[in-house]
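The values are calculated or read from the model by the stated rules, or taken from the named source; none is laboratory data. Keep in mind it's a predicted model, so treat the numbers as computed, not measured. With ideal geometry, Cβ positions are generated from the backbone for all residues, glycine too; neighbour counts draw on all protein chains shown. Please note that ligands, DNA and RNA were not included when accessible areas were found on the heavy atoms of the full protein model with its side chains. Shrake-Rupley method; radii C 1.70, N 1.55, O 1.52, S 1.80 Å.
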Amino acid sequence: MQEILKLDRVSKAYGSLTVTDDLSLSLGAGEALGVIGPNGAGKSTMFNIIAGGVRPDKGQVYYRGTDVTGAKAARRCRMGIGRSYQIPHPFAGMTVYENLLVGAAFGDDMPRGEGFAHAAHVLEQTGLIDKANVRAGTLTLLERKRLEMARALATRPKLLLLDEIAGGLTEHECNDLVATIKAIHASGVSIIWIEHIVHALLEVVDRLIVINFGAKIAEGDPHEVMNSAEVRQIYMGLEADG
Amino acid sequence: MSERYQVHRSTRASRVAMSLFALVVLALAAAPWWAGRGDLRMLVEIFTYVGLAQMWGLLAGYGGLVSIGQQAFVGLGGYMLFALATFAGVPPLAALLLAGLIAALIAIPTALVAFRLQGAYFAIGTWVIAEVFRLGFAQASALGGGSGMSLPAGIVRDIAASAPAREALIYWLALGLALAAIGMVYLLLRSRWGLAMTAIRDSEPASESLGVETWRTKFVVYVATAGMTGLIGALIFLQKLRISPDAAFSVSDWTALVIFIVVIGGIGSIEGPIIGTIVFFALRELAADWGAWYMILLGGIAVATMLVAPRGIWGVISERWDLQLFPVRRRLVVTGAKADARA
Ligand SMILES: Nc1ncnc2c1ncn2[C@@H]1O[C@H](COP(=O)(O)OP(=O)(O)O)[C@@H](O)[C@H]1O
Ligand SMILES: [Mg+2]
């Protein structure tokens with residue numbers, strides 16, 4: 001399997017707090033990787049390092065064989081990295097549909113007509129079509145999270161980064177979300193999904209990593225990782241809502 | 001699949017508004033035949049403020065670039081017009097266009113400096129830059145130093161044969177520039193740039209993550225608004241026929257009042273600056289001879305607006321009735337049978 005992403009010993013500290021600690025990671029093209037770990041472990045920071053919002057202090061980020069450590073977020077997006085934010089950042093004054101058009105027009109340089117159609121298609125795919133012409137600022141938190149995913153999809157990513165998008169969903173909504181992500185995965189998109197709702201995660205991912213204090217402490221087959229003594233110990237508190 | 005979707009720009013309200021707007025513009029274009037000289041002068045002032053407010057609104061409301069130094073480009077435009085016409089013999093109207101171009105060119109190094117600063121520091125930085133310009137022109141003895149200069153009578157005669165003809169010409173130029181400023185914002189907002197700028201207005205990190213080059217976008221907006229602001233500045237002083245550093249680089253006349261107008265009318269829209277200008281001139285007609293109370297009234301209204309309706313008069317109206325007069329939004333219309341969204 002061809003490698004789509006590689007983190008080579010990246011570290012990042014905020015002051016004296018090491019948030020990413022000598023972290024290495026490899027993702028194959030078409031693979032779906034799950035990420036779990038306690039709050040504050042540095043999971044979202046890892047996404048920032050991959051997507052270009054944060055520059056690591058040490059180490060390299062490779063995307064499809066290219067060193068992108070110094071590349072800006074906008075460029076990485078156009079190269080095919082699409083991300084969602086754990087805390088939604090909607091374009092509040094624009095409609096939901098226009099939010100997606102930004103991604104289509106700039107993230108993938110789609111010509112106008114194609115971008116219009118693709119953004120509409122993504123709205124249907126993510127169940128937001130009824131909200132198309134609503135100002136994004138009026139959405140509920142759950143809808144905003146869905147918009148995060150939809151907007152990333154509008155850029156037609158090759159690598160999709162999802163940061164805790166299942167929290168707070170009903171069982172039915174969660175099943176819908178899992179089905180949507182499975183379909184995206186099946187279409188060939190590589191995925192890294194940070195999620196506390198472990199049962200949802202396990203339905204999608206091929207491999208699981210556990211991050212604690214910025215370092216990778218376990219990696220492998222999702223069920224084996226979840227059953228390992230080390231993970232059970234660290235993850236005890238979070239297993240309850242999984 | 002794509003034929004099931006249509007993207008609509010205009011609404012019924014916007015079509016009605018655009019027709020009315022066209023009628024108002026026609027009536028205004030004929031003003032030299034129906035309005036008195038005093039009225040024409042005031043309309044010129046109104047048009048220049050509409051233009052300045054559109055530019056400041058574009059910069060701050062979309063680019064997120066809260067500048068308190070736009071007087072730098074008003075003054076620069078004015079001085080360039082005087083210098084080109086007086087010393088280089090450039091015909092006044094050509095000098096007007098060149099003055100705008102020069103303002104845009106000067107904005108390039110200015111941006112490289114000011115863009116290193118963020119937020120409040122950016123605002124103060126732009127003001128400091130404008131002060132540097134003011135002090136610099138006060139030193140230029142060829143341009144009259146601190147007391148400034150008048151446009152030589154020969155050049156004034158070059159503009160038009162008679163005083164009424166000159167005033168009519170300046171009136172049409174001012175109307176044209178106001179329309180050009182509105183048109184510039186309108187076309188920008190409807191284009192790809194508009195998507196990028198509106199996105200930056202709402203969230204800069206998310207814009208970057210979706211592929212928008214935020215620095216480059218802001219840079220282009222800054223330079224373009226500087227050019228138009230310089231053009232308007234040149235016209236302001238072509239009407240006044242006299243320029244001095246304090247008048248040309250006045251932060252209260254060319255930035256503070258403009259911010260007042262945009263805040264009152266509503267930031268982040270085309271309608272807001274137009275409404276704000278009308279409100280401001282109505283207030284001025286009503287209360288200008290109240291002296292200090294007039295300024296207190298303006299300040300009070302601005303503060304009250306920011307507290308009660310941060311998006312201004314137009315923000316309240318457009319949200320209440322979901323209205324837009326200038327059709328810049330993109331509405332998705334799904335035709336035919338609705339597919340199951342989450343198949
Ligand atoms: N910009 C920042 N400045 C300072 N500290 C930060 C910043 N971003 C994250 N942190 C800190 O880094 C740690 C890891 O954060 P994060 O990556 O969001 O963790 P997770 O997503 O695993 O919950 C937290 O302690 C957080 O407070
Ligand atoms: Mg997080």
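Averaged over peptide A:110-117, how many Cβ atoms belonging to another chain are found within 10 Å of each residue's Cβ?
3
For region A:87-155, a simple Cβ point-charge model (Lys and Arg +1, Asp and Glu -1, everything else neutral) yields a dipole of about 260 debye relative to the Cα centre.
Here's the list of aspartates and glutamates a cross-link from A:LYS182 could span, going by alpha-carbon distance under 12 Å and ignoring same-chain residues fewer than 8 apart: A:GLU31, A:GLU203, A:ASP206. Measuring from centroid to centroid over Cα atoms, what is the spacing of region B:81-119 and region A:1-44 in Å? If you average the Cα positions of each part, the centres end up 49 Å apart. Based on alpha carbons, the Rg and Dmax found for region A:87-155 are 10.6, 31 Å. Helix-only arithmetic for chain A: the sum of -39500 (n - 2.57) across DSSP H runs with n ≥ 4, divided by the residue total, places the mean residue ellipticity at 222 nm at -11000 deg cm²/dmol.
Taking a ≥ b ≥ c as the square roots of the eigenvalues of the alpha-carbon gyration tensor, region B:1-82 is classed oblate because a/c is 1.5 or more while a/b is no larger than b/c. For the protein assembly as shown, a crude dipole built from +1 on the beta carbon of Lys and Arg and -1 on the beta carbon of Asp and Glu, taken about the Cα centre, is about 1580 debye to the nearest 20. The residue among A:THR155, A:HIS121, A:GLY137 whose Cα reaches farthest toward the positive pole of the charge dipole of region A:87-155, with charges on the beta-carbon of Lys, Arg, Asp and Glu, is A:GLY137.
FRET efficiency for the B:ASP289 to A:ASP109 pair, using the beta carbon distance and R₀ = 56 Å, is estimated at 0.45.
When chain B is described by a simple charge dipole with +1 on each Lys and Arg Cβ and -1 on each Asp and Glu Cβ, the residue from B:ALA199, B:PRO164, B:ILE106 located farthest towards its positive end is B:ALA199. With both bridge residues required to lie in chain A, what share of the DSSP beta bridges run antiparallel, to the nearest 5%? DSSP beta bridges in chain A are roughly 55 percent antiparallel. Quick check: the angle from helix A:112-125's long axis to the longest principal axis of chain A, C-alpha only, nearest 10 degrees? That works out to roughly 60 degrees. Across chain B, the relative contact order, built from alpha-carbon pairs under 8 Å that are at least six residues apart, equals 33 percent. Helices of chain B meeting both criteria, an alpha-carbon length of 20 angstrom or more along the long axis and an average Kyte-Doolittle score not below -1.0, with helices taken as full DSSP H segments, are B:12-29, B:37-56, B:71-87, B:92-114, B:119-139, B:163-190, B:214-240, B:271-287, B:292-308. Longest span of chain B, sites excluded, free of trypsin sites (Lys or Arg not before Pro) in DSSP loop with at most 16 other C-beta atoms within 10 Å? That gives B:117-337 as the longest site-free run. Taking Cα atoms only, the orientation of helix A:141-154 departs from the longest principal axis of chain A by about 80 degrees. Taking 1.306 mPa s as the viscosity and 10 °C as the temperature, the Stokes-Einstein diffusion coefficient of chain A based on its alpha-carbon Kirkwood radius rounds to 88 µm²/s. Antiparallel beta bridges, as assigned by DSSP with both residues in the protein assembly as shown, represent about 65 percent of the total such bridges. Using the Cα centre of the protein assembly as shown as origin and beta-carbon charges of +1 (Lys, Arg) and -1 (Asp, Glu), tell me which of A:GLY188, A:THR66, B:TRP314 is placed farthest towards the positive end of the dipole. Positive-most Cα among the choices belongs to B:TRP314. The helix-based estimate of mean residue ellipticity at 222 nm for chain B, built from -39,500 (n - 2.57) per DSSP H run of four or more residues and divided by its residue count, is -23000 deg cm²/dmol to the nearest 500.
Note on A:LYS58: lysines with a C-alpha under 21 Å away, same-chain residues under 8 apart excluded, are A:LYS6, A:LYS12, A:LYS43, A:LYS72, A:LYS216.
Overall, chain B carries a charge dipole of about 800 debye about its Cα centre when +1 sits on the Cβ of Lys and Arg and -1 on the Cβ of Asp and Glu, all other atoms neutral. Annotation for B:ALA27 and A:ASP221: the two label points, set 7 Å from Cα along the Cα-Cβ direction, are 8.0 nm apart. Summed over the residues of region A:87-155 and divided among them, the accessible surface reaches 30 Å² per residue at a probe radius of 1.4 Å.
On the basis of the beta-carbon distance and an R0 of 51 Å, B:ALA161 and B:LEU307 show a calculated FRET efficiency of 0.45.
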